[in-house]
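Encoded as structure tokens, the structure appears first; notes follow it.
The values are calculated or read from the model by the stated rules, or taken from the named source; none is laboratory data. All figures in this text were calculated on a predicted structure; none of them were measured in a lab. Using ideal geometry, Cβ is built from the backbone for each residue, glycine included, and neighbour counts are taken over all protein chains shown.
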2 protein chains.
Amino acid sequence: MRQLILFTLLILTSITTQALEAPPLQMAALKNLTLESGGVLKQAKLGYRTAGKLNAAGDNAILYPTWFGGSSKDMFNYGAIDPIDTSKYFVIVVDAFGNGVSASPSNHKNFPAITIGDMVQAQHQLLTKTLGITQLYAVVGTSMGGMQAFEWITRHPTFMRKAISLVGSPRLDTYDRLLWQTQLEAIALAEKAGDIQAANKVVAMIDALALFTPEYHARRTPVSQAQAFIHTTQTSDKRDLRDKAAQLEAMLSHDISRNFDGSMAKAAAAVMAQVLSIVDLQDHMVTPRPAIRFSELLGAKTLELNTYCGHISSACAGDEINQAVRNFLAAP
Amino acid sequence: MRQLILFTLLILTSITTQALEAPPLQMAALKNLTLESGGVLKQAKLGYRTAGKLNAAGDNAILYPTWFGGSSKDMFNYGAIDPIDTSKYFVIVVDAFGNGVSASPSNHKNFPAITIGDMVQAQHQLLTKTLGITQLYAVVGTSMGGMQAFEWITRHPTFMRKAISLVGSPRLDTYDRLLWQTQLEAIALAEKAGDIQAANKVVAMIDALALFTPEYHARRTPVSQAQAFIHTTQTSDKRDLRDKAAQLEAMLSHDISRNFDGSMAKAAAAVMAQVLSIVDLQDHMVTPRPAIRFSELLGAKTLELNTYCGHISSACAGDEINQAVRNFLAAP
């Protein structure tokens, strides 16, 4: 998957401005964090990077949570931050729990099950306690970052003026659940064999099946190069599968209606932020229906792309996406 | 997957005539069959069922090979034979090697690796030696059956007047290879754990990811029923994974250009049959590009469907498909 993302990066950087160099990693030690499960996460570390400066009025901060498996460094290196003008905004990019930088199964003893809501509460503590920020201009996130953005606007409705979800979701749909649970089953199979990392090949291949559309592969990879492509896919992602499983479980339990009697309409009624949702109708990884329906409930803007790049719609429509983000942030 | 196919059957039977009751299974014992690998398969059994009668001129026989994992019984029970008028044609449905009825790893000691070409040579022996048929009116096949149809028209160009491939392929494309190799990797993972059948869940889930499109699941399965759907998917297919792996390997090695210097144009030039190819542009299991391109080389008819049912296009366009098959068979 890293190879695929790298490839996407190449495309992105060729059609957008040069990606920013990642600012230095900072680590915060959270105070006790009460989890949704009822447990308490003690002294959990949270990684983050900032770009730009907080203005005197303190009203120009933008939070950017990370995508599934991604780090704060990736957000800069892969151009995700590009459409945010850091001469104008103070951007705080936070490593999500389970990404191997912040507290994760691979680096934290007895790491408990976590939720997207727990990721958001950790970010809230970082902002308010460590950085002294009590108001955001915006929350912007891609994929699992978009899930966190949907969680933010319902959990802390008055905390931000704007929110942008790029190929994110307020709750995974049926196909997404099938996809992620297939990865979890493969991981469980490898655990049974006594070597969890043995699932890396299968998990990376399942990622590749859903990141882009079949049409993308038909256009981009001639059958003569199929085996080289598959070999690269199989061997390019060596991350700790315990971390991956923790984030998979978090996404599978994600449902912003859970605190609103299971009603998306009630959840939408709680939202005060202006919202922009960008989806791709051919997205096979975070399928678009839940985000589209929630935007309808909000009466919010949706940019519905329809590209053969699927979940990595930025590889087909990077300029259009970045311009939409810029315009939405600049509007009153 | 069986559940999915059953569901498809329900749709099919609701929009087409009643599926035929399967005629009794017959078993032939092949003489020594020389395989493409160079080995010899001894006394391999081959299952088949027939419907209708061979006419006096001996020119009304239609061969129908089975799809991936399917049996000759399935072809009748799931309506595949419906568009073929058995009062007019003599239909011979043959169980492909590796389907658990004909010679397969699960029922044949030291079963060797086989190819789509080996399946076709076994059928050729059955027709010519056992049944005394030296000429076919048509070869008709769905999915892996369509692959066998493409093999037939290039391997034995003068043997049939017509051939129909439904969602079949002359050679798997890049995405298809990624898909099937993901299943093989999951099976290898389970073998490592000492229990090959432990891969059944993952393999069935990967099937479900690609049989239909994501849009199909979004339309058909509300998220409230997602877990029940996934549970049914996980537990509905108990077939022997050694058999499944044998057919997966056969499909992955399938390439009708292999005897024509790797040239599809040369392979096409050898074809003498009239050919109808039916594909679905949203097929995520046997992606349509290779079949479309080969039909272009042949100057043959292609029916390009574009349905959200994907590989199971019959669930969206069963009437249209069956009518196209009937018309093509009836034409001079």
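So which residues in region B:9-39 are among the small types (Gly, Ala, Ser), surrounded by fewer than 16 Cβ atoms within 10 Å (Cβ to Cβ) and either within 22 Å of B:THR128 (Cβ to Cβ) or modelled with pLDDT of 50 or more (or both)? Residues satisfying the conditions are B:ALA29, B:SER37, B:GLY38, B:GLY39.
How many of the residues in region B:83-111 are farther than 30 Å from B:ASP59 by Cα and among the charged types (D, E, K, R)? Working first, answer last.
Looking only at region B:83-111, we keep the residues that are farther than 30 Å from B:ASP59 by Cα, and these are B:100, B:104-111.
Restricting the remaining residues to those that are among the charged types (D, E, K, R) gives B:109.
Selection size over region B:83-111: 1.
Taken over region B:199-210, the criterion of being under 13 Å from B:THR235 (Cβ atoms) and not charged (D, E, K, R) is satisfied by B:ASN200, B:VAL202, B:VAL203, B:ALA204, B:MET205, B:ALA208. Of the residues making up region A:79-94, those that are in contact with a Phe, Trp or Tyr (Cβ under 8 Å, 6 or more places away or on another chain) and without any contact (Cβ under 8 Å) to a residue 60 or more places away in the chain number 4.
Scanning region B:272-297 for residues that are surrounded by fewer than 20 Cβ atoms within 10 Å (Cβ to Cβ) and either under 26 Å from B:ALA208 (Cβ atoms) or more than 14 Å from chain A (Cβ to nearest Cβ) (or both) returns B:MET272, B:GLN274, B:LEU281, B:ILE292, B:GLU296, B:LEU297. Checking each residue in region B:194-218 for being in contact (Cβ under 8 Å) with a residue 12 or more places away in the chain, facing chain A (nearest Cβ under 9 Å) and surrounded by fewer than 20 Cβ atoms within 10 Å (Cβ to Cβ) picks out no residue at all. Within region A:75-103, the only residue that satisfies the criterion of being crowded, with 24+ Cβ neighbours inside 10 Å and aromatic (Phe, Trp, Tyr) is A:PHE97. A:LEU178 falls short on exactly one of the conditions (1) closer than 23 Å to A:ALA317 by Cβ; (2) in contact with a Phe, Trp or Tyr (Cβ under 9 Å, 6 or more places away or on another chain); (3) within 14 Å of chain B (Cβ to nearest Cβ), and that condition is (1). Only one of the numbered conditions (1) crowded, with 19+ Cβ neighbours inside 10 Å; (2) within 11 Å of another protein chain (Cβ to nearest Cβ); (3) in contact with a helix residue (DSSP H, G or I) (Cβ under 8 Å, 6 or more places away or on another chain); (4) modelled with pLDDT of 95 or more is violated by B:ASP255, and that is (3).
Considering only region B:181-193, state which residues are within 7 Å of another protein chain (Cβ to nearest Cβ) and charged (D, E, K, R). Steps first, please.
Let us first name the residues in region B:181-193 that are within 7 Å of another protein chain (Cβ to nearest Cβ), namely B:181-182, B:185-186, B:189-190, B:192-193.
Result: B:GLU185, B:LYS192.
Could you tell me whether B:THR287 is farther than 27 Å from B:TYR137 by Cβ and of a type in the set (Val, Ile, Thr)? Yes. Criterion applied to B:SER106, B:SER72 was being buried (at least 22 other Cβ atoms within 10 Å of the Cβ), of a type in the set (S, T, N, Q) and modelled with pLDDT of 95 or more, and the one residue passing it is B:SER72. The test for being of a type in the set (A, V, I, L, M, F, W, C) and away from chain B (no Cβ under 14 Å) holds for A:ALA245.
Quick one: in region B:219-230, of everything that is facing another protein chain (nearest Cβ under 7 Å) and aliphatic (A, V, I, L, M), which residue is farthest from the chain's Cα centre (by Cα)?
Here is the first cut: in region B:219-230, the ones facing another protein chain (nearest Cβ under 7 Å) are B:221, B:223, B:226, B:229-230.
If we keep only those that are aliphatic (A, V, I, L, M) as well, we get B:223, B:226, B:230.
Values: B:VAL223: 32, B:ALA226: 29, B:ILE230: 25 Å.
Residue satisfying both the conditions and the ranking: B:VAL223.
Just a yes or no: is a residue in region B:45-67 surrounded by 24 or more Cβ atoms within 10 Å (Cβ to Cβ), closer than 22 Å to B:VAL203 by Cα and in contact (Cβ under 8 Å) with a residue 40 or more places away in the chain? Yes, the conditions are met somewhere in region B:45-67. Checking each residue in region A:161-175 for being more than 7 Å from chain B (Cβ to nearest Cβ) and more than 18 Å from the chain's Cα centre (by Cα) picks out only A:ARG161.
For every residue, the table says whether it meets (1) buried (at least 24 other Cβ atoms within 10 Å of the Cβ); (2) under 26 Å from B:THR158 (Cα atoms); (3) free of Cβ contacts under 8 Å to residues at least 12 places away in the same chain.
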residue	(1), (2), (3)
B:ALA300	no, yes, no
B:SER314	yes, no, no
B:ALA317	no, no, no
B:ARG326	no, yes, no
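Report whether or not A:THR233 is within 14 Å of chain B (Cβ to nearest Cβ) and either closer than 22 Å to B:LEU209 by Cβ or buried (at least 20 other Cβ atoms within 10 Å of the Cβ) (or both). When the stated conditions are applied, A:THR233 passes them.
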